[in-house]
Structures are given as structure tokens and as C-alpha cells.
Amino acid sequence: MQLRFLERWISLLRLVAIPFVLAAVAVASYPPGAWETWAWITTIVFVIGSLGFFVLARSDLGRRHPVQQSIAAQVFDTVIVVGYVLVFAFEFGLPVQQILYIDLAAASVRFGVTGGLIIAAVSAPILAVFARIRSVHFDEPYSWKLVAFQTFFEVLMALIVGWLVHRLSREGMEAEARAAEAERLHEAERRTVEELRRLSHLRADFVSLVSHEVRTPLAAVIGSARTLEHRWRELSPEQRDRFLALIGDETERLAALVREVTDTSRIDSGTFSYTFGDVDLAALVDDAVAAAEVARESVTIAAKVPAGLPHVEGDPVRLRQVLTNLIDNAVKYSPEGAPVEVRAEAVNGHVTVDVVDRGSGIDPRDQLLIFERFGRVHGTSKPGTGLGLYIARAIAEAHGGTLRVSSRIGAGSTFTLDLPARRTS
Ligand code: ADP
């Protein structure tokens, strides 16, 4: 049971009891002596304390310290109950000592069997004093039976109520755990459905993408070949060269597509092979940049590679594939002629290569998607399969490294390949 809510409830019950107590104290006929004074003192303390605990139970302080609040409330209740039991000991017709049961029930609900037994232990001497007051002041025989019986029943009550509270709280906890588990399962199911839906979309996208990516170069190759076949003699040597170059470019594009699809399927089946060795990443970056510049004359690609860049342990062919993919993308997704920079540096036992462009940038929502199979930014007009970065990241991870992006729409993107540097012995 949550102590916070329990205290709110008990504090309300105390307020409800105030009018009843006031009436009982007012109408009692007191014997000579200080009985009436003590009855009123106890009542004033009860009323003030009840109001105080009512406010405390609804305050921030009570919310933050529920256990301390319950202990204080229990001590207060016990003091008040004991006060009334002793003050009203003169009322012979009234079984006033039995209000100790209420205090005991509250303790059992608050603190289980232990709480109940403590109150039973505390009330035993109180009952003894109670019986003594009756016998001394009112000339009655001392009733040890009253002390023994009530203490015995109080112990029983502490055991029964405490056990019930314990069971209830265990069942409550089990129900909460079951509800949390159901919630977790529901969430997992929802995510699986979402993932399946996403995969099915991706597959549909992939089918249309590949058919487009295959059909376009094939149409160009067939068209050029037929033109050369039928109009060979009419064409000038430059025109023939242009058609032959087109056939070369488009078949290369087809070959690249087939390579990407095969690489992806090998990565997925775990058969993508690597031949590891010592790799001079600086030379690899220089080569990749030079090759990219040769392929596209209109683009300036600046390489910033510090001297003495540590080597890495890796597969040079695969790492070159990653760099080529990043540089190709930087060029492809930038406006015509926009500069691209490739920076390498050594940081804390790692070597990083940043490929920086001033292109369109990538929306943060798409920055996870582009590393997935067939993941492409929605609405991209450039040709592509969405497999390049998936393969590149798989290669980086197979080297114990990472591939990440930081990008802002309109400001460009930086793709960072991070690899552990090779230990020099
Ligand atoms: P592809 O280029 O064949 O589509 P990639 O896996 O290489 O496949 O890239 C996935 C997607 O990420 C691209 O379709 C493009 O939308 C986006 N992208 C990749 N690199 C860049 C970049 N430098 N600038 C902007 N968008 C990029």
C-alpha cells in the first residue's frame, strides 16, 4: 500500500472524528480532580495535530518523505489514543481501552506485522497503568485479566491484519509487474508491426528502384548499340565515340548496381569476406580523391591529410570502397561545382576521415534511415539504390570502427569514418 495515499485517508478520518470527540469530551461527567483538564488538553492536541497532519499529507514535504510522515503520524495517533485511554479510565461503563485496537490496526496497515506488534508491546504497559488507575482511584480490584486478554488479542490482530496487508501489497506488486510486462509486450508488438510495415515499404520501393535503375541504363545501352549498328556509316567519329562512351558508362552503372546488391546479400548472410592487413589510410584517401577528380572534372575535391597519419588494420579494397562511396555521394548530392573536402586526422588512438560537402544536407529524421538497406531520403531525384551507405557502415563496423553523419538542411553534410589506429610495436 502506498503510504502517501494511506496518510491522506487517515488524516481525513481524523477530521471526521473531531466533532464526535468534542461531543464526547463535552458531555462526559468527570469525577473531582484534573480529569476534565487533561481531557481537554488531549483534545486540543488532537484537533491541532489532526489539522497539521491533514495539511502535511497534501503537501510537498509529505509527498517527498512518506515514511517519516507515517512514523510521525503513528506516534501522534498512539499518544492521543493512550491519552484518552488514561484520561477516561474513570468511565466504568465504557470499554475505553479498546480504542487501542484502532491504533493497532492503523499501525498494521502502515507497517505490517512489525508495526502491529510494536503497538501491542507499547499498549501492554499502558493497559497495566489503566487497570491500576481504575483500582487505585476508584477502589476496584486490580484486573490483570483485562491486561492479559487485550494484549493477547492485540497480538492476534497484529498478526492477522499485518499478514493481510503483506499479501495485499504483494498481490498489488505482482499486478503492477504483470501490467508493466503486458505494456512492454504491447510496445514490442507495436514496434514489430511498424518494422514489418517499414520493411514491406522498403521492399516495394526497392523493386521499383531496381527496375528503374536497371531499365534506364539498359535502354541507353540498347539504344546506343542499335544506333551504332544501323547508322555506323552516317555517324561522325566523334558521335561514335560518344555512343561508345555512353555504353561504357551505363554498363559500369549496371555492374555497380549488381555489385551493391550482391554485397548487401553477402553482408546479410554473413559471407562478405575481408582480407585484413596493414593499410596506409593517407595513401588510400589520396588515391580515392585523385580517382574521383579524374572522373569528374568540374568538381574540386580538396584532400587534407596530415603527414605521419597512423596506419590502420583493415582491408584496403573495402576501405577504398567506403571512401569512394562517401566522395561519390558528396559530389552527387551537391550542386554542380560545389567544393568537397576530405580531411583525415588522428584522434586518441583512432583515425578519422571526414568527407565534407556543401550540398543539400539531410533532415535529422532521415539520418538513421540512410544507413539502412535501400534507405534513401524521400524525394531524392538522383539515381541510386540506397545500398551504398548500408554497405559502407557494415564495412566500417567490421573494422571495429563507425560511420556516422552530421548534417544540416541547406548547410551540407559531413560523413565521418572512424577507425581504430594500428598499434605500432
Ligand atoms: P544512393 O546514393 O545509391 O541512394 P547511399 O546509401 O549511398 O545510396 O545513400 C543513401 C541516401 O542518403 C541517398 O539516397 C541520399 O538521399 C542520402 N545521401 C547520402 N549522402 C549524401 C550527401 N552527401 N548529401 C545529401 N544526402 C546524401
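Figure legend. Inter-residue proximity from the stretch 384-401: first residues under 15 Å from V258 (Cβ atoms), second residues within 11 Å of the ligand (Cβ to nearest atom) and in a loop (DSSP other than H, G, I, E, B), beta-carbon distance below 9 Å, spacing 6+ or different chains. Indicated pairs: G384/R376; T385/F374; T385/R376; L387/R373; L387/F374; L387/G375. Residues that are within 14 Å of the ligand (Cβ to nearest atom) and surrounded by 13 or more Cβ atoms within 10 Å (Cβ to Cβ) within the stretch 254-271 comprise L254, A256, L257, R259, E260, V261, D263, T264, I267, listed in sequence order. Within the stretch 224-245, which residues are over 27 Å from A295 (Cβ atoms) and of a type in the set (A, V, I, L, M, F, W, C)? The one that is over 27 Å from A295 (Cβ atoms) and of a type in the set (A, V, I, L, M, F, W, C): W232.
Looking at R365, is it near the ligand (Cβ under 8 Å from one of its atoms) and open to solvent by 40 Å² or more (accessible area, probe 1.4 Å)? Steps first, answer last, please.
Values: near the ligand (Cβ under 8 Å from one of its atoms): no; open to solvent by 40 Å² or more (accessible area, probe 1.4 Å): yes.
When the stated conditions are applied, R365 does not pass them.
For residues in the stretch 330-345 being open to solvent by 30 Å² or more (accessible area, probe 1.4 Å) and on the phi < 0 side of the Ramachandran plot, which is farthest from the ligand (Cβ to nearest atom)? Residue satisfying both the conditions and the ranking: E345.
Check whether at least one residue in the stretch 285-301 is touching a Lys or Arg at 6+ places or on another chain (Cβ under 6 Å) and over 30 Å from L218 (Cβ atoms), and report yes or no. No: zero hits.
Taking the stretch 353-362 as the range and being surrounded by fewer than 19 Cβ atoms within 10 Å (Cβ to Cβ) and either of a type in the set (D, E) or more than 15 Å from the ligand (Cβ to nearest atom) (or both) as the test, only D354 passes.
Go over the candidates L100, L94 one by one and state the one that is within 24 Å of F153 (Cβ to Cβ), buried (at least 20 other Cβ atoms within 10 Å of the Cβ) and not acidic (D, E).
Numbers: L94 fails: buried (at least 20 other Cβ atoms within 10 Å of the Cβ).
Matching residue, one of L100, L94: L100.
Suppose we keep only residues that are in a strand (DSSP E or B) and under 11 Å from G349 (Cα atoms) within the stretch 405-425. Which one would you say is least open to solvent (accessible area, probe 1.4 Å)?
Among them, the one singled out is L419.
Just to verify a result, which residue in the stretch 402-418, among those that are within 23 Å of R266 (Cα to Cα) and without any contact (Cβ under 8 Å) to a residue 60 or more places away in the chain, is farthest from the ligand (Cβ to nearest atom)? Selected residue: T402. Residues that are farther than 30 Å from R422 by Cβ, within 16 Å of the ligand (Cβ to nearest atom), surrounded by fewer than 19 Cβ atoms within 10 Å (Cβ to Cβ) and among the aliphatic types (A, V, I, L, M) are absent from the stretch 302-321 altogether.
The values are calculated or read from the model by the stated rules, or taken from the named source; none is laboratory data. Since this is a predicted model, take the numbers as computed values, not measurements. Methodologically, a virtual Cβ is constructed for each residue, glycine included, from the backbone with ideal geometry; neighbour enumeration extends over all protein chains shown. We work out accessible area using only protein heavy atoms, side chains counted, and drop any ligands, DNA or RNA first. Shrake-Rupley method; radii C 1.70, N 1.55, O 1.52, S 1.80 Å.
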